[in-house]
Amino acid sequence: EETQAAYRCLKNTCVLLELSDRGRLCLTGNDRISFLHGQITQDIQSLSYGQGAYAALVDAKGKIQSDLNVYILKDEILLDFEKGYAESIVQRLEHHLISEDVSIVDPSEFYTMSSVQGPMSTEVLKAVFPDIQLPESLWHFTELDGDDGSVYVCHRPRFGSQGFDLFIPQSSKETLQRQLESAVEKVDGSLVRESDCELARIEAGIPKMGIDMTSEQLVQETGLTPSVISFSKGCYIGQEVISRIRTVGKVNKSLLRLAFDAVPNLDSDSVHVLKVEGKDAGFVTSLAAVSVHDPKIHGLGYV
């Protein structure tokens, strides 16, 4: 019932998510942009304050280590990513730091994170911040000065609809959370958990790191190529393999949206093998409950 309520709100009004357990890192220092540019798949040297991008961190073999939301703040770069990846990302970045002026800081002690998602998220934010100029372009953000530090409002749809992520000073969390909850309730929205939004995520075909994407997959197998890869930027780790796949090769499997008339007959081990006419055709990574408007079972998987 909670999943279906969240689904209806995501489609029709708005939901408020508390995302404080997501991973976040800040890069400071004079070389932060050039250093990170050489580590990730996206072009960030062309970005300026108030802008951001969706990127991937890959290894030398072109396999994805993490997806990243990258935001260019005034004196630092903010990275936002799935929980559980902070340690491995720090290790990867520090391994390639030689003489660059770059420091890597975990801002979780000082900042938390919430998200407003759904077609009425703009109305909710304007009710809380009446004078706000919301960013129109994806991954761009607005910085709002406050007594205890800035609030960053980032244009980041998460479930195939409209949506904004908010990075909030810990000292302002309780007050701002109450204001957001009140504004969401006034548009008949709801406060939900991220797990309640899985149906909308899967139905929209949005892969999740650690579930639909792991270090076993080439970044070009994930379906995110148009979103996370710049083919015109300079060198970065993994670029050689990624460029070679694009120019002379192909991937053998791709992440696709799946729909089943009934719960599929999958192998019971950790890899849910997808069979077609008795033959292995790929594997399923995500399955959603029955949609409130569609009798089919929705899923994501590699085919």
Ignoring everything except DSSP H segments at least 4 long, calculate the 222 nm mean residue ellipticity for the chain; use -39,500 (n - 2.57) per segment, divide by total residues, nearest 500.
-6500 deg cm²/dmol
Loop chymotrypsin sites (Phe, Trp or Tyr not before Pro), segment 83-125, which have at most 14 other Cβ atoms in a 10 Å radius of their Cβ (DSSP)
F110
Compute the relative contact order of segment 1-141 as a whole-number percentage, counting only Cα pairs closer than 8 Å that sit 6 or more residues apart in sequence.
37 percent
Sites E174 and V251, calculated FRET efficiency, Cβ-Cβ separation with R0 41 Å, nearest 0.05:
0.30
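Using the Kirkwood radius over Cα pairs, work out the Stokes-Einstein diffusion coefficient for the chain at 25 °C and 0.890 mPa s, in µm²/s as a whole number.
Value of D from the Cα-based Kirkwood radius: 120 µm²/s.
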What is the packing order of peptides 101-107, 130-136, 160-166, 52-58, taking the mean over residues of other C-beta atoms within 10 Å and listing the highest first?
52-58, 160-166, 101-107, 130-136
I want to make sure I understand the PRE zone here: with the label point 7 angstrom from the Cα of D145 toward its beta carbon, which residues in segment 62-82 have backbone N atoms less than 16 Å away?
74-75
Subtract the Cα-Cα distance of V273 and E87 from 0.36 nm times their separation in residues, and report this length gain in nm to one decimal.
63.9 nm
At 7 Å along the Cα-to-beta-carbon direction for both A281 and S103, put a label point, then send me their distance in nm to one decimal.
5.5 nm
Using alpha carbons only, what's the Rg to Rh ratio of segment 88-183 with Rh from Kirkwood?
1.06
Subtracting the Cα-Cα distance from 0.36 nm times the residue separation, let me have the gained length for H95 to R244 in nm, one decimal.
51.1 nm
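None of the figures in this text is laboratory data; all of them are computed from the coordinates on show. Since this is a predicted model, take the numbers as computed values, not measurements. Note: ideal-geometry Cβ built from the backbone for every residue, glycine included; neighbour counts use all protein chains shown.
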